[in-house]
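The values are calculated or read from the model by the stated rules, or taken from the named source; none is laboratory data. Predicted, not measured: the structure shown is a model, and the values here were computed from it. Here the Cβ is made from the backbone with ideal geometry for all residues, glycine too, and neighbour counts use every protein chain on show.
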Amino acid sequence: MEDKNMQSFAYNVDSEVTRIKRFAAIMVLIVALFFFSFGAYFSFLYINSANNQLTPINKFNKIYETLVNEWYYGPEYMDVDEQLIMNAIEGMFDREKDAYTRYVPTVDFLQTSAKGIGISLIEYNDYFYITSVNSSHANMLKIGDVITAIDGVTTKGVPLENISSFTAGKDEVEITYIRGEDTKLARVSIKEYNVITVFSDKDFSEEASYVRIQEFGMNTARELEVILDDISKENLILDLRDNPGGFIDSVLQIGDLFLEGNKTILETRNKDGDSHYYKTSDNDKYEFNKIIILINDGSASGSEALAAALSEHLGDKVILYGETTYGKGSAQKNIPLGDGSVLSYTYALWYSPNGNSINKVGVSPQIEDKVTRLNIYDYDLELYSHGEFVAALQYVLTELGYKTTEWETPNYFSNELVTVLTDFQQEKGIEQTGKLDKRTRRYIAAEIKDKQVSDNNTQLENAFNHLLGVING
């Protein structure tokens, strides 16, 4: 009897264990299914959320619409829509990487026209200095005049390439300019002018002729060809200092005047590494025993390309003299946007015929002869001012010879600087304030300009003396 009871008990225990195992297996399966379903659900939510993420352009539109409709400060702008778009456009550019890709608003961008007021300008200290004047304006405007406004609108801080926007669509404009201490007005007409870009002195010396190319305009190559036809000297001084560049076609045409056919003047490489080679034609060439090419840190773009091409192709016949050039070795395309505005963007970099990069490197002279560059900033300074603008003022006064010893307090406007400025003002016959005010800045700027002319002439004389040394062995 006991054996039967024991067997029954054992059977019941086994059955209970089996049921427990089955129950546990079922629970494990249920839990697994739960977590699988839970995970699948959230995976679905994640994927669906990812699929619904805004694309960059949709994100931009969302931000733009929100700010236009709900931004608290929006009403402070005359046209908040346009302001937001302009801010966004400016945000697309990386000025440190590429200073030449930019949006140019409402500019007369007809580069095939020489229409204007018949003057050439350089940009200095946020203003425009006249460097040449058409003869019809000679009784009003003079070289060295400083243009401050056109039709009452200030030109201060306006990029040189935007200056044509002041004359677009007009028959005449009123120029406000400064000459010495006086502010004057001149009303000039807008017409077609033949702007002269090449200046020469064919009888510079018995040994050489002198030619200066101020910039590469539409007719520069033809101007130069006429001059070269009239030159009989065996050596040439070609001055490309402070030449900012211009039309690349003009650079290529000038290369044609000096180099044999099928020679590379310039190579461009785009973002994909594809190269395009600009080569010379088989026209007649002008030959010289020696060509000294004057360059400096104001020689940029096309002038750098021309200097490099002539040097690399003509070898010992060419001597690059002066200072390392600016290093503007990039090519831009201009896309009109329909309202007079333009997108100018860099599409390729320039390389010399030997494959040397120009961009941010420049072209180095074989004979270095540096000229000190001085600048006076458009800031009022007085006793106790300090910082980089004071340091710049001290440097200028030292270079101009008004301070011959070390400054006791560099970068600081001390009584020592007050004394030097007061002496300068007394010498010039102006009010002795001991401060750097607008009137004092004008007189300092005039001295800087005179020194620049003198230093440039000295550099030219040094280059000529070097040429004589080479010729005479």
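Of the residues making up the range 246-262, those that are of a type outside the set (Ser, Thr, Tyr) and buried (at least 20 other Cβ atoms within 10 Å of the Cβ) are Gly246, Val251, Leu252, Gln253, Ile254, Gly255, Asp256, Phe258, Leu259.
On the basis of being farther than 27 Å from Lys449 by Cα, modelled with pLDDT of 85 or more and among the basic types (Lys, Arg), does Lys115 make the cut?
Values: farther than 27 Å from Lys449 by Cα: yes; modelled with pLDDT of 85 or more: no; among the basic types (Lys, Arg): yes.
So Lys115 fails the test.
Applying the criterion of being modelled with pLDDT of 90 or more and polar (S, T, N, Q) to the residues of the range 205-219, the residue that is farthest from the chain's Cα centre (by Cα) is Ser205. Do we have Gly327 as at positive phi, surrounded by 15 or more Cβ atoms within 10 Å (Cβ to Cβ) and either in contact (Cβ under 8 Å) with a residue 12 or more places away in the chain or not aromatic (Phe, Trp, Tyr) (or both) here? Yes; evaluated as a whole, the condition is true for this residue.
Any residue in the range 241-256 that is modelled with pLDDT of 95 or more and over 25 Å from Leu349 (Cβ atoms)? No, the conditions are met nowhere in the range 241-256. Could you please find all residues in the range 419-438 being in contact (Cβ under 8 Å) with a residue 40 or more places away in the chain and surrounded by 15 or more Cβ atoms within 10 Å (Cβ to Cβ)? Matches in the range 419-438: Gly434, Lys435, Leu436, Asp437. Residue count for the range 66-92 under the criterion of being more than 30 Å from the chain's Cα centre (by Cα) and of a type in the set (Val, Ile, Thr): the result is 2. When we screen Arg222, Arg269 for residues that are of a type outside the set (Gly, Ala, Ser), more than 25 Å from Phe204 (Cα to Cα) and surrounded by fewer than 17 Cβ atoms within 10 Å (Cβ to Cβ), the only hit is Arg269.
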